[in-house]
Amino acid sequence: MERWQSEEIDLNNCPVRHVLDHVAAKWTTLILLTLHDGPARFNALGRALPDISKRMLTQSLRDLERDGLILRRVYPTKPPSVSYELTDLGQSLLVPVLGLLDWAETHADTLAQARAEYDATAG
């Protein structure tokens, strides 16, 4: 943090901000976790994430592909079939994401208790 403050990083053009804009999105993390076990086709991703609309899934996949986190493979079948898989970069992003999931699991009860206490005292 000291390095960031001493270098006067422009927070409007911060590389961490650009990453978090995508990774912090609800569907991005869930798609990455779904692809953790291997490639999946569009409909399989939709079934794994039943609350996501087809439009949102399509847009999320495009964003992840644009960022180099997933690879879209088109197979020359009739009709063409498409699958999605994590790139090496996407796999490397799962390391901190899985760490965050572990943290959330470990502290879920503490967070729930803190919320309940806050809600009980907030006016």
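Check segment 27-35 and report whether any residue there is open to solvent by 80 Å² or more (accessible area, probe 1.4 Å) and more than 16 Å from residue 88 (Cβ to Cβ). No, segment 27-35 contains no residue that is open to solvent by 80 Å² or more (accessible area, probe 1.4 Å) and more than 16 Å from residue 88 (Cβ to Cβ). Tell me whether segment 93-106 contains one or more residues that are modelled with pLDDT of 95 or more, more than 12 Å from the chain's Cα centre (by Cα) and surrounded by 11 or more Cβ atoms within 10 Å (Cβ to Cβ). So far as segment 93-106 goes, no, none of its residues is modelled with pLDDT of 95 or more, more than 12 Å from the chain's Cα centre (by Cα) and surrounded by 11 or more Cβ atoms within 10 Å (Cβ to Cβ). Residues in segment 12-35 that are closer than 16 Å to residue 96 by Cα and modelled with pLDDT of 90 or more: 28, 29, 30, 31, 32, 33, 34, 35.
Scanning segment 43-62 for residues that are open to solvent by less than 50 Å² (accessible area, probe 1.4 Å) and either hydroxyl-bearing (Ser, Thr, Tyr) or modelled with pLDDT under 95 (or both) gives 58, 60.
The values are calculated or read from the model by the stated rules, or taken from the named source; none is laboratory data. Everything numeric in this text was worked out from a predicted model, so none of it was measured. Don't worry about glycine lacking a Cβ; one is built from the backbone with ideal geometry, like all the others, and counts go over all protein chains shown. Note: areas computed on protein heavy atoms with side chains; ligands, DNA, RNA excluded. Shrake-Rupley method; radii C 1.70, N 1.55, O 1.52, S 1.80 Å.
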